[in-house]
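Colleague: First the structure, which I've put down as structure tokens, then a few questions once you've had a look.
The values are calculated or read from the model by the stated rules, or taken from the named source; none is laboratory data. The shown structure was predicted, so the numbers you read here are calculated from the model rather than taken from an experiment. Here the Cβ is made from the backbone with ideal geometry for all residues, glycine too, and neighbour counts use every protein chain on show. What goes into the accessible areas is simple: the full protein's heavy atoms, side chains included, and nothing from ligands, DNA or RNA. Shrake-Rupley method; radii C 1.70, N 1.55, O 1.52, S 1.80 Å.
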Amino acid sequence: PSGPPKRFPVAAVDDILKDVLGSYLREQSYEPAQCRDMAKDMAEVIKAQVKELMIPRYKIVVVIHIGQLNEQSMQIGSRCLWDPESDTFSSYVFKNASLFALANVYAIYFE
């Protein structure tokens, strides 16, 4: 396998995550139903913006968690089979006074 002709632009995707989460959540307080809808909306916006980068042959998976900041901890783990030569991810954590959000974009190269 020759691998991807163009590397996945992690830094550009990191910037997208930072911009989208900041603009949606900066003034947002934690409210479960509203945050559930916002997580879906943000995932769609992020996916669309990453696709606009026109990176050929990558499958994109966007996962967003939003939780209340209330003196509790949360552990999130994930596992998948991937090729460290061609597959990668971007991740960003946002916090304000009321909530935290974690956004991950997984990029899997498709031969």
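Colleague: Look through 100, 89 and report the one residue that is in contact with a Gly (Cβ under 7 Å, 6 or more places away or on another chain), surrounded by 14 or more Cβ atoms within 10 Å (Cβ to Cβ) and part of a strand (DSSP E or B). So that I can check it myself, show each step before the final result.
Modeller: On the way: 89 fails: in contact with a Gly (Cβ under 7 Å, 6 or more places away or on another chain).
Among 100, 89, only 100 is in contact with a Gly (Cβ under 7 Å, 6 or more places away or on another chain), surrounded by 14 or more Cβ atoms within 10 Å (Cβ to Cβ) and part of a strand (DSSP E or B).
Colleague: Additional query: Here's a check for you: in the stretch 16-40, which residue that is free of Cβ contacts under 8 Å to residues at least 24 places away in the same chain and surrounded by 13 or more Cβ atoms within 10 Å (Cβ to Cβ) is nearest to residue 5 (Cα to Cα)?
Modeller: For the stretch 16-40, the residue satisfying everything is 19.
Colleague: Another question, if that's okay. Taking residue 78 as meeting all but one of (1) in contact (Cβ under 8 Å) with a residue 12 or more places away in the chain; (2) surrounded by 12 or more Cβ atoms within 10 Å (Cβ to Cβ); (3) among the polar types (S, T, N, Q), write down the number of the exception.
Modeller: (2)
Colleague: Quick check on the stretch 51-62. Is at least one of its residues outside any loop (DSSP other than H, G, I, E, B), free of Cβ contacts under 8 Å to residues at least 12 places away in the same chain and open to solvent by 50 Å² or more (accessible area, probe 1.4 Å)?
Modeller: yes
Colleague: For residue 66, only one of the following conditions fails: (1) under 11 Å from the mean Cα position of the chain (by Cα); (2) open to solvent by 30 Å² or more (accessible area, probe 1.4 Å); (3) β-branched (Val, Ile, Thr). What is its number?
Modeller: Among (1) under 11 Å from the mean Cα position of the chain (by Cα); (2) open to solvent by 30 Å² or more (accessible area, probe 1.4 Å); (3) β-branched (Val, Ile, Thr), the lone unmet condition for residue 66 is (1).
Colleague: Among the residues of the stretch 1-25, what is the count of those that are modelled with pLDDT under 95 and either basic (Lys, Arg) or in contact with a His (Cβ under 9 Å, 6 or more places away or on another chain) (or both)?
Modeller: Residues meeting the conditions: 2.
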